[in-house]
C-alpha cells in the first residue's frame, strides 16, 4: 500500500485488457479514469500496458507475453531507480515500481499469479477504490460502510490464502465447543460474517437517527431539499460552495467527498432550501460499493430536486450521464425531478468554442443549465432556477397581525415571502406568499 507520508508519490504502472465488445474510446476513457484513481491514491503512473484479447486469461488476467513484457519493464525500472536515486540504500523511492494497477476486478488466484510473473504487488480496480474510500471516509456511517465493503472484498481471498497455506493451515485443533476442528479459513470467514452483521446493525441505527433528525429539521421549518449528484470530479463541491457560501472540501481528486455535506442555499429563500452534496459516481463502480453507500446516496432519494452535475468539458459527457442515470435507477431515485447542470463550461476553450458547446448541450437537453460554478452570474441564474422550482406551489394570502401579537412579525418574515405590508387601527396586514401549510399554521397562531 502507498504510505501516506511520502512527499514524492511512488511509481506505479497500469494494465488493461480490451475485449472485442469494448470500443477504443470507452477503453481509453476507463484507463484514464484508473490513472486518476491512482493519482488520488498517491501514485505516479509511469507506464501503461494494454492488450487486446477475446477474453481475460483465466490464470493471470493478462496473456503470457504481456506478463513477460511487464516483468522485464519492472526489472529495468528497479535497476535504474537504484542506480540513480541518491541514498538508494535507505530510500524507499529507489525500489522501482511499487504496484501494478489492473483496470478490472480480478480473482485472488489471478492476482497471485500476476504478482509472481511481473515481480511487484498487484491491485485491481475494486481494491484501488476501496483504499481511496477507506482513506477519505470521515463520519461513523461512512467508515462502517467502507469496512463492510472491504470485508466483502476480502472474504473470497481468505479461501485463496487457505489454499496457499496447504494442509498445515487448513485444520485448527479444538477441544469441544463451537470452533472445534474448524479450519483457519472457516474461523476467519465466520469472523467476517459476524463483523459485517455487527456493522450493519450500527448503520441501521445511524440511518434511523439520521432520518429522525432530517424529518425534525424539515418539519415545521418550511425547508426544501436539493441534492447534488453526478460523476466524481464534475465540480459538485465547487458548486456546493458557490450555492451555499460555505467552506467545503474542494480537491482535484476522484472521491474527494465521501460524507454527505448539508448546507442552506444562500442567499436564503422562501421556503428555505437545504443543499446536500453526495458521493460521486464512477464508471464500473463495484456493485458492493453502491450497496454499501446506499445510506449516503439516500440523500438523493429524500430530496425534492436533484441537480445532476456533469463536466461539460469532458468529451465523454454522455458516459457521465449514463453512469449517473444507472446508479440513480439502482437506488430508486430515477423518478425524483432533476435539473441537468453542465458545469465547467469555462474549461472548454474560447468564447466561440463555449458557445458551440452550449448549443450542442442544449440540443441534447433544452431544459439544462450550462454554467461555470466559478462565475457568480451563472451561479445566480441557477439559484433563481432552484428557488423557482420550490416556489411553484406557493400561494398568496393575506395575514392580519394584531398589535398585541407583534413578536410574531419575525416568524412571518422568516417563513413567508412578504409582498407588501400596511397597517390600520387594529394591526398590521401582510400580503405574503408561502406554502399552504405555512399559511394555515400562521393563521392558527394569529387568529386563535
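What follows is calculated from the coordinates using simple rules that are stated; it is not laboratory data. Predicted, not measured: the structure shown is a model, and the values here were computed from it. So basically every Cβ, Gly included, is an ideal-geometry build from the backbone, and we count neighbours across all protein chains shown.
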task = Using the structure shown, decide if residue 374 is touching a residue at least 60 places away in the same chain (Cβ under 8 Å) and surrounded by fewer than 17 Cβ atoms within 10 Å (Cβ to Cβ).
result = yes
task = Inspect all residues belonging to the range 414-434 and state whether any of them is closer than 27 Å to residue 345 by Cβ and touching a strand residue (DSSP E or B) at 6+ places or on another chain (Cβ under 7 Å).
result = no
